[in-house]
Every structure is written in C-alpha cells, then in structure tokens.
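See structure below.
Here, each number is a calculation from the coordinates, and none is a lab measurement. Everything quoted here is computed from the prediction, not taken from an experiment. Methodologically, a virtual Cβ is constructed for each residue, glycine included, from the backbone with ideal geometry; neighbour enumeration extends over all protein chains shown.
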Amino acid sequence: MAESDFPGWHGTTIIGVRKGGRVVVAGDGQVSLGQTVIKGTAKKVRRLSPGGYDVVCGFAGSTADAFTLLERLEAKLEATPGQLARASVELAKDWRTDKYLQKLEAMLIVTDGKDLFVITGAGDVLEPEHDIAAIGSGGNFALAAARGLYDHVDDAETIARRAMEIASDICVYTNGKLTVESIDG
C-alpha cells in the first residue's frame, strides 16, 4: 500500500477551559484508522511534573509524535522551572527548525493553571481568547459548545465535559470516554 493510499489516523478532541481559578483539560479516548475504531480508551491528557512543577497537557495527532513532543516539553520545563511560556516558546522554536521534529504531526494544549497555550508545529504558541482552547478533529465543535456554555455555567469541568459530550455527538472521530485533568491557577 502506497503512503498516499494509507487511510491515516483520525480522531481526538482535546479541550482546555479556564474559569474560576482552575483549568480543566479533557480529551476523548477514540483512535481511528480510516473508518475503523482501533481503540476507544486512549489517554490523550497527561500530567507532567518536572521538578515538582505541575503541567497538564493534552495532545492531538500521532501518538508517538505527541510523546516525543511531551518529552521535549518536559526537558524544556526542567531547564526553565516555573516558566511554561518560555518552555513552550523554546519547544515551538525547536519544532519549527529541527529537521527531525518538523516531521512530527501533533498539536498540544498545555497549562500550568495560570497560562493556557496551544502549541503547533508551525512554531505557534497561542494563548486562546475567551479562556478556551480546543484541538483535534472535533475541536471546533467542542470550542463552539464551550463558548456557548461559558457565560451560563460556573464550573470549568462541567463546561469541558458538556462540550466534549456535544463534540462526541457530532464528530465521528470522537467518543465520550474522557480523560480529565484539572489544575488550580
């Protein structure tokens, strides 16, 4: 099978919601290959604790690529303790300029409870407007749902869970088996 014939991995919806001094990152558990669900219980949200400094990360894209990026982020955080913004920018610079890293296909949502960023392979470190970030195949659905809920629901986790439920009802590459991590700001 030629690479262009390969059906490709699809799936993942990750959302980060900041409200009331807390950030919640939630991700679904579905991994699909073409039209087939390969796994329904993948964990795409993780907590890193380099040097006792907690960071919650969610990833969309190739799992191996995402793990490579998470390892790099953890090393950057160890080199710049307590400075998520600086570590994220350093990771994005490496990702954009390193020939090996340029081939990685993933996106990250990262937070330390104060900052909330989306990191991309294009060299972007984006701080979302409206205290909500979403990535992945169902990201736009989750983002729209969370934006609609934000002014009416006081709890970040409730917003994230409800937005993911809505996204999973719309996006065929997203399921309702969530991994949820929260961190106080």
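Say a paramagnetic label sat at a point 7 Å from the Cα of E129, along Cα to Cβ; which residues of the range 144-160 have their backbone N under 18 Å from it?
Zone members listed by number: 144-151.
What does the helix-only formula give at 222 nm for the chain: each DSSP H stretch with n ≥ 4 adding -39500 (n - 2.57), the total divided by the residues, and the result rounded to the nearest 500 deg cm²/dmol? Write out the running numbers ahead of the final one.
Working: 4 runs with 58 residues, N = 185.
Rounded to the nearest 500, the figure is -10000 deg cm²/dmol.
May I ask you to compute the full-extension gain from A122 to E165, defined as 0.36 nm times their residue separation minus their alpha-carbon distance, rounded to one decimal in nm?
Working: separation 43, 0.36 × 43 = 15.48 nm, distance 2.94 nm.
Additional length available on full extension: 12.5 nm.
Given the pairs K76/K177; K39/K103; K43/K99; K44/K76; K93/K177; K44/K99, which span a C-alpha to C-alpha distance of over 22 angstrom in this model? Working shown, then result.
Working: K76/K177 31 Å; K39/K103 24 Å; K43/K99 28 Å; K44/K76 20 Å; K93/K177 33 Å; K44/K99 25 Å.
Cα-Cα > 22 Å for K76/K177; K39/K103; K43/K99; K93/K177; K44/K99; rest within.
For the pair E105/A79, report the inter-label distance in nm, with labels modelled 7 Å from Cα in the Cβ direction.
Output for this residue pair reads 2.8 nm.
What is the percent of Cα-Cα separations in the range 3-184 that go past 25 Å? Don't skip to the answer; put the middle values down first.
On the way: 4835 of 16471 pairs.
Summing the P(r) tail past 25 Å for the range 3-184 gives 29 percent.
Straight-line reach from K19: which lysines have Cα under 18 Å away, leaving out those fewer than 8 places along the same chain?
In chain and number order, the partners are K114.
Taking a label point 7 Å from the Cα of D98 along the Cα→Cβ vector, which residues of the range 37-71 have an amide N closer than 17 Å to it?
Within reach of a label on D98, which here means backbone N under 17 Å from a point 7 Å along Cα→Cβ, the range 37-71 contributes 62-71.
Normalised by the residues of the chain, what does the relative contact order come to in percent, with Cα pairs under 8 Å and at least six apart? Kindly include the intermediate steps, with their values, before the conclusion.
Values: 440 pairs, mean separation 59.0, N = 185.
For the chain, the relative contact order is 32 percent.
Suppose we keep just the DSSP beta bridges with both residues in the range 1-108; what percent of those would be antiparallel, to 5? Could you put the intermediate results ahead of the total?
Values: 18 of 18 bridges.
So the antiparallel bridges in the range 1-108 amount to around 100 percent.
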